[in-house]
Every structure is written in C-alpha cells, then in structure tokens.
Amino acid sequence: MKVQKRTGQIVDFDLEKIENAIKKAFNSKQVEYDPAIVESVDKLISLTYTNVPVSVETIQDYVERALMQFGYYDIAKTFILYREQRKSTRFVKERIDYMNQYSQSTDNAASSSETDGNANVTMKNVANLEGEVYKTTNRIIQRQRMKDELNILFPEVAKQYETDLDNHIIYTHDEASTPVLKQYCMAVSLYPLLTEGVGNIDGVTPSEPNDLQSFSGQITNLIFLLSSQCKGAVAVGEYFIALNYYVVKEFGDKWYEKLDCEASSPHCLIKRTVRDNILKAFKQFVWGVNQPAGNRSYQSPFTNISYYDHTYFTSLFGEFCYPDGSKPEWIAIDTLQRMFMKWFNQIRLKQVLTFPVETFAMVHNGDDIIDQNYKQFCAEMYAEGHSFFTYISDSADSLASCCRLRNELAENTFSPTSGLTGVMTGSCNVITLNINRIVQDWALTHTLNGAPLTKGKQLENIGNPLRVTTIENDLKNYLVGILKRVYKYHIAFKTMLYDLEDKGMFAASNGGYIHISKLYSTIGINGLNEAARFLGMKVSNNPEYIEFLQLILGTIKEQNKLHSIHDRKRPFLFNSEVVPAEGLGGKNYKWDKEDGYVVPEDENLYNSYFYNAHDNTSVLDKFVLHGHQTYQYTDGGSAAHINLEDHLSKEQYLKLIDFAIANGTNYFTFNIPNSKCEDCGKIIKRPIDTCPCCGSHNITQYTRVIGYLRPTKAFGSDRQQEARNRIYSDGKSQV
C-alpha cells in the first residue's frame, strides 16, 4: 500500500508513523493509549485503498473519525487543533518560500506568477509580489462562496462546480485575483462624471470638473477608481464626447476654428495655443492610465476608448445633451478624434505605450462604409503605422468596446436627461469551456468501427465524424449538458453581485457609471482548433472545419438565448467569446497533456483565433475564417489578429476593409511588431535586428501578446515561446 505526501511524492505506507501520532495525542491529555484506534484506521485504509495511494490528509481524516467513534472526543479535538496548527505553519513557510523564490528568480513577473500572470506588469517589485502571495487563499475563498450560494440556489450542482474546475472542463477567470466578489469588466457612462465628478465615489473630490485640466485629472482618477472595482478592463467610449464639453467651456464654441490661436495670458512664461492645451489634456490622460496601479498588483488599469464615424455618432449621440443643455457637434468630435489618433501614433515613437487600447467603429451599408471620410482615415492611420482595432457593423446598435464587450442593443438607451448612450455594458464573470477536453471526453463515450477509443490517441483517416447527423446531435447534447451547469454557476455568481449592489458595496453602481443589470455573464471558449485537430480536421479555410466551428459556436449562442432571463429588476443575460486566454491557453495545454489528452505537438498553448498563429495562413483566409460564417455566433472576442511583417499601403488597407465588409469580418486588427533600441531609445514601427541609428543589436520587440501591445520580454514563458513561433505574413504580396 502506498501513501501520497503533500508534495505529491509517493512512499510506502508506514503504520508506525500513524500510531506514533495517535500516541502523542493520547499523551497530551494524559490518557492511556488505546491500540484499537490504529487498528480501526489500518483496516479502513486497507479495504478502501488497495490499488491507489492514500493521501496524508485522508489518513488524518480517518484518525479523527476513529477517535470520535471510540468516544475519545477531547483527544479528537486536540488532534484536530494540532492539524490546523501544522497546516497554518506549513502555509506560512510555503508562502515565505514563494516570496523568496519570487524575488530571487530571474524570471519576469508574468512567469513568476503562480496563477493568472500576464504581461501587463513591466517589472517585479514588492507591490506585485504582495498581490501574488494570497492568490491561493483567494481561490479557496471564492470557491467556497460559490459553493455556498449554489447550495442555496442549485444544490444539485454545488459539488459539481469544483469538480468541473478541478477536471479543467471549465475555468473561472481571475478567480484568484481577489477574495471579494467583483465584476469582470465594464464599459461605463461618463455622464455622472460631468454632473457630479468622482466625488460621488471617492468621497473626497469636492465638485464636478469645471475646466479641461480638472476633467483630465478626474477621468484618470475615475479609471483607477473603477479598475479597483473590477478584475479586468474599463472602457470609456464617451471619452471624446466628454472631453469636448470642457474644451467648449474653456475655449468657446467652434474652438476647432482657432486651434492655433494663443490661449495663455501675457504673464505665462510658456505660451500655449488652443491646440497645445488639448494635447496637454491628451498627455495627462494617456500618461496617467499607463501608470501602474498599487491596488492592481502594479498593473496599469486596462483602459479602452472608442472612435466613432459620423454614422455611429449620429445614431448614438444625435439626441444627447450635455448637462448645460447643449449638444456635441460632429465637427468638434471628429477634430478631437483625429487629433488624438495622430498624436498617439507619434507618441509611440517616443515610448511604446500600451493604453488606451483603441477601437475604431464604422458602419457599412452592405457594400461600403457609409462615412467615406472615416474609411479613408482608418486606412491612412494603419498605413502610418498606428496600432488599433477596427469594428465595422451594418447597424449602429452594435458596439464593441473591447474584447468581450460587444452588445447587440435591443433598443438605444440614450436619454437627454440621464445621459445614457447605449455604451454601458460589460461582463460580470467569465467561465471558459475547454473545448478540446470536452470533445475528447465526449469521443471516449463512443466506439470507432465497433472498437472503443483509446484516450490520448488521435482520430485518423475517418473522414468527418460530425457528418453523421446522429453523432453531431450527440456532441451537441453533450455540450448542452455542460452548458446547463455553467448557466447555474453564472446565475449564482451574479446573484451575489446583485446582493452586494443592493447593500451599496459597488461605488461604480452608486455613482451611476454602470449597474450589475447591464452586465452579461460570459461563456468563454478555448481549445477550438485543438479539438478540431483531434477529430482529424485541418485548421484552415475549408468547409469541414467551418462546420465544426458553427456547431460549437452556434450551440453556445443558441443556448445563451434559451437560458437568458429577461427580468426587469435582476436580468441574467449570457454572451460568448473566444477568450484571449493569455495565461489560460498555456494552462489548458499543460493540464490536458499531463492528463493524457491529445494535444498538438507543434504548439505549446491553445490558440485564440480561428487559425493557427504558427501556420502561414493567408491574410485573406484569416478574414474569411473570422467572417460572418463564424462571427455571427459570437458576441465578443475572436478579433482577427492579422500578423504582418511590415505595414501595407493605404490602398491595400482600403482593399482589406472592403474585403472585411464582403465577408462579414466585423472585428480585426493588424499586428506589426514594433522595435525599440535599448541603447539609444530609437523606436521603429516594424521588426528589426539592428538599430539604424547606433548599430546596436540590443533590441526589444513589442507585439500584441493577445489583444494589447507589450514588450515580448514581459510575456510569460509560454507566451514568449509562442511569440517566437508566430508567422508574420508578407501582406504586401497577398493583398
């Protein structure tokens, strides 16, 4: 018989050690030792654990039960207290060892993180170490709260929740980041900032902003305050609308006609024009949101902004009124958006800044972008080397604020009195399905040519197994069975958020920036490509693979609609996204490989696109794969990341925008690595090995880890390996 120690080591079963521990418990109470206790424990273990190791904790559980069964309650209490003391001692030692290891290791912050590490940490220090130390405890607390709530609402799945997590069927994002309940991410209304200022949530600021400088300060503070209330991103889609209100207050109507007029007094040593003052506001905002936040383990607050074309602006803000009753002019918003984009692109030649992540939103009529000026501007900015996301839609009622904040609005919710503009949305929780493991578990319940399948063996030379309708329906039913549990998990989590909101615990809700009712519960998706490859499919632009994507994505979208609860007070709405999986992609790969599942040998993590990042998939095929035939089934995420070795011309980008419209590719970005010489500081917006200024080879590459621009040396080790294997296409010859 074998014993599994807490370290995972397997050793021989030693009854004498158990007996000595029991004797110590008896001696502590000065009671004569009773050998019947150890005999009972030995008998129970021998009967139960004949072929598998027994854990140390299980042995101690048996000792507790035996002591109470034989009436030694005081000794059992002593034994239990001793176990808890030892457990506490082990925990403290283990945490101290981890802190020492973290500080002494040469690994970066992302690789040194025990769980949920990401590249949004520039350097290791005591602030991010502090956030890491209690992640294991945070996870225990979060899971217990979920199990407690599930026992009240859905007791039939309370135990299954932890089983699904432990078996890596599902993954709850940022479960370990905090012991308290928080929403995941949010796109907020800025109207409360205009009317009350951040004082309504920080309790310090005395009034709303009254000029351009105070607005820039308060919106930066607001993002830090809101980011402390959630686990993920904060999107401020009305940034330019709000900014214009204070530009007008300071420089009057039609300020855009006097950009080069001096706006400083004769007593000022530094003379500034209207343009200079606006650029100063940009700087205050951008440098502010790129500062590390102490309450986020020294990460910068993940900040998103949106640019709107004229069609979007008219639809969303046509009836919008500022607090003083005035309305925003399109020419003013257009000027601010163009100024910011041009300026931000140039600033990134001085410092490769990560935030804000930008989304350029345009509306098309089925044939072309309606606002041709903005189509030209979009292509122009890409050609000039700027890095941003583009979202195109045939309706201005569809918004994308960031990776998981896309919503199809049933009705436009803007109001001249409340200031709501339809940009309030978000995700309260993200639970991701490991599709590769789910598909393989499903396959193991079937036979192939009359023989049972072998775990860990790839399906080969069988054609498309999903072409058989009965099998296709069977996989769908298997997936639906898992989804039904996940919806209950989501409802339990959001119910707890509603309860906290009712108690006034969310400052963002108290201030009117976002409400829990506006948030979706997100079904994340990871391991799609790997599941298709297990089934013998080729991940490429082919009907077989696309049918598989449609089956999985379509089933999830269908079930999301069926299980959404449209209650006026407490709605429970579900959406889905192919998650970025910056850390999860590597975890799922590692867990599945360790547990004997089939994983691709040419990868080290699960993809987050509908193509393989290490394959030389053509630029046009990437657009097709992320087009209408797949994108119609998702509500967020799954942006086509078009990795290019160099920038294209404006004309080529215009062709790709047209191609995106034709294929229904709503959400995309072009990712060309940036290079920074660490010796002279020169930044080049393409990959280089040698600095053209000083000849140095000490070059840092910046690329999108998955969604946001970061130095590759800040990536986790698995993402660094993946980045080295990425194929950057020769777009100039393909478009």
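Just so it is clear, none of the values below were taken in a lab; they were calculated from the coordinates. These figures come from a predicted structure and were not determined experimentally. Ideal geometry is used to build each Cβ from the backbone, glycine not excepted, and the neighbour counts take in all protein chains shown.
Expressed per residue, the C-alpha convex hull volume of region 163-209 stands at 103 Å³.
Backbone phi angles across region 712-728, fed through the Karplus curve with coefficients 6.51, -1.76 and 1.60 (θ = phi - 60°), yield HN-Hα couplings of 4, 5, 8, 5, x, 4, 5, 6, 5, 5, 5, 5, 5, 8, 5, 9, 9 Hz in residue order; Gly and Pro are listed as x.
Eigenvalues of the Cα gyration tensor times 5, then square-rooted: what semi-axes does that give for region 190-408, in whole angstrom, largest first? Spell out each step's value before the answer.
Working: eigenvalues 129, 100, 71 Å².
They are 25, 22, 19 Å, listed largest first.
Taking packing as the residue-averaged number of other Cβ atoms within 10 angstrom, the listed peptides 544-552, 136-144 run from highest to lowest as 544-552, 136-144. Remark on Y520: its backbone amide H falls under 5 Å from those of G426, S427, C428, a criterion applied only to residues 5 or more positions apart or on other chains, H modelled at 1.01 Å from N. Here K518 is the anchor, and the lysines within straight C-alpha reach of less than 24 Å, apart from those fewer than 8 places off in the same chain, are K182, K231, K484, K488, K494, K503, K557, K561, K569. Sorted largest first, the spans of the alpha carbon positions of region 647-704 along the three principal axes are 45, 21, 14 Å.
Hydrodynamic analysis of the chain uses the Kirkwood radius over alpha carbon pairs. Inserted into Stokes-Einstein at 25 °C and 0.890 mPa s, it gives a translational diffusion coefficient of 87 µm²/s. Take the Cα of K29, step 7 Å toward its Cβ, do the same at T447, and the gap between the two points is 5.8 nm. Normalising the Debye intensity of region 588-680 to I(0), with uniform scatterers on Cα atoms only, and taking log10 at q = 0.22, 0.26 Å⁻¹ returns -1.10, -1.31.
Modelled spin labels at L47 and V92, positioned 7 Å past Cα toward Cβ, are 4.0 nm from each other. Angle of helix 212-227 to the longest C-alpha principal axis of the chain, folded into 0 to 90 degrees and rounded to 10: 20°.
A crude spin-label estimate for the pair K77 and T58, with each label 7 Å from Cα along the Cβ direction, gives 3.0 nm.
Per-residue Karplus couplings for region 79-88, computed as 6.51 cos²θ - 1.76 cosθ + 1.60 with θ equal to phi - 60°, are listed in order as 5, 5, 4, 5, 4, 5, 4, 5, 4, 5 Hz, Gly and Pro entered as x. Helix 135-153 axis versus longest C-alpha principal axis of the chain: approximately 80°, rounded to the nearest ten.
Partners of K350 within straight-line reach, counting lysines whose Cα lies under 17 Å from its Cα and excluding those fewer than 8 residues away in the same chain: K280, K283, K342, K676, K682, K685.
How high is the relative contact order of region 6-157, given as a whole-number percent (alpha carbon pairs under 8 Å, six or more residues apart)?
Details: 69 pairs, mean separation 21.3, N = 152.
Here the relative contact order equals 14 percent.
For region 259-362, the Cα-based Rg and Dmax, in that order, read 16.4, 45 Å. Applying 0.36 nm per residue to the separation of N473 and K271 and subtracting their alpha-carbon distance, the gain on full extension is 65.6 nm.
At an R0 of 30 angstrom, the distance between the Cβ atoms of Q458 and E156 translates into a FRET efficiency of 0.25. Take the alpha carbon gyration tensor of region 102-232, find the square roots of its eigenvalues, order them as a ≥ b ≥ c, and report rounded if a/c is under 1.5; if not, report prolate when a/b exceeds b/c, else oblate. Oblate, because a/c is 1.5 or more while a/b does not exceed b/c.
One Cα centroid belongs to region 355-391, the other to region 130-198; the line between them spans 35 Å. Potential lengthening of the chain between I331 and D166 amounts to 53.9 nm, from the contour at 0.36 nm per residue minus the alpha-carbon distance.
I need the Kirkwood Rh of region 78-175: take the reciprocal of the average 1/r across all distinct C-alpha pairs and report it in angstrom. List each step's numbers first, then the result.
On the way: mean 1/r = 0.0633 Å⁻¹.
About 15.8 Å for region 78-175.
Scaling against 2.2 N^0.38 Å puts the C-alpha radius of gyration of region 2-104 at 1.22. The share of alpha-carbon pairs in region 687-735 lying farther apart than 16 Å comes to 52%.
Restricting attention to region 2-104, the count of lysine pairs at 8 or more positions apart or across chains with alpha carbons under 19 Å apart stands at 13.
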